[in-house]
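In what follows, a structure is listed as structure tokens, so that the remarks can point back to it.
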Amino acid sequence: MLLTPMRYKDYIWPHNPATYSIAYERQVAVHKVPFGRHYMQDLGMGCRIMRGQGEFAGKGAYDEFKRLATVFYDGGPGLLIHPLWQIANAYFTGLKLEQEPLPDYVRYSFEFRERYDGYREELSAAEKTGEDSRHAFATGREQSCTVAGGDTLWGIAKRYDVAMEELLRANPGIKNPNLIRVGDKVVVPC
């Protein structure tokens, strides 16, 4: 099965990393109670941690690693789009060379931590108003869509059966198609 390449911000992996893992964490506080008992308090979900290992091989392998390192140094959150995982707004928190790099071979590992965007509050607000945050409403010859958590411009284009180029033409304010934010309005041509 041929999978689409993994992407983060404007970096696209030339081929997907060899291994992946996702860790889900729940924060729990343990309080000691007299006579050997404990009281546990659920503090909620922590962030998802996405880790993996990969390699760049062939001519320019170390240059490819340097391009990935440049994205790491850039800082700030960005969309992590993986062919199998749920799309995440994440911070690139770790990049490690796993061996001395060679000009034609580099083995590396990486770590991303999901950024919390208040998904629960957004869903609660939508439930109170009775409105679906993915609902599109028509205005003449176009409709508008509110970006929800996990949405991508490509996904919106596919959902409304619109070519990506048409969607970009209808939204000249979107400078980076890989970066849309929760709550943004996207014009969808009819």
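None of the figures in this text is laboratory data; all of them are computed from the coordinates on show. Not measured: the values here are computed from a predicted model. Ideal geometry is used to build each Cβ from the backbone, glycine not excepted, and the neighbour counts take in all protein chains shown.
Values for this structure:
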quantity: Rough spin-label spacing in nm, given labels placed 7 Å along Cα→Cβ, for Gln86 and Ser144; calculated: 2.7
quantity: Using a Förster distance of 45 Å, the FRET efficiency for Tyr105-Phe35 (Cβ separation, nearest 0.05); calculated: 0.15
quantity: Förster radius 25 Å - calculated FRET efficiency between Ile174 and Tyr73, Cβ distance, rounded to 0.05; calculated: 0.50
quantity: Hull volume in cubic angstrom per residue (convex hull over the Cα atoms of segment 1-95); calculated: 143
quantity: Highest average packing first - 173-186, 147-160, Cβ atoms within 10 Å; calculated: 147-160, 173-186
quantity: Most to least packed among 89-96, 67-74 [average Cβ atoms within 10 Å]; calculated: 89-96, 67-74
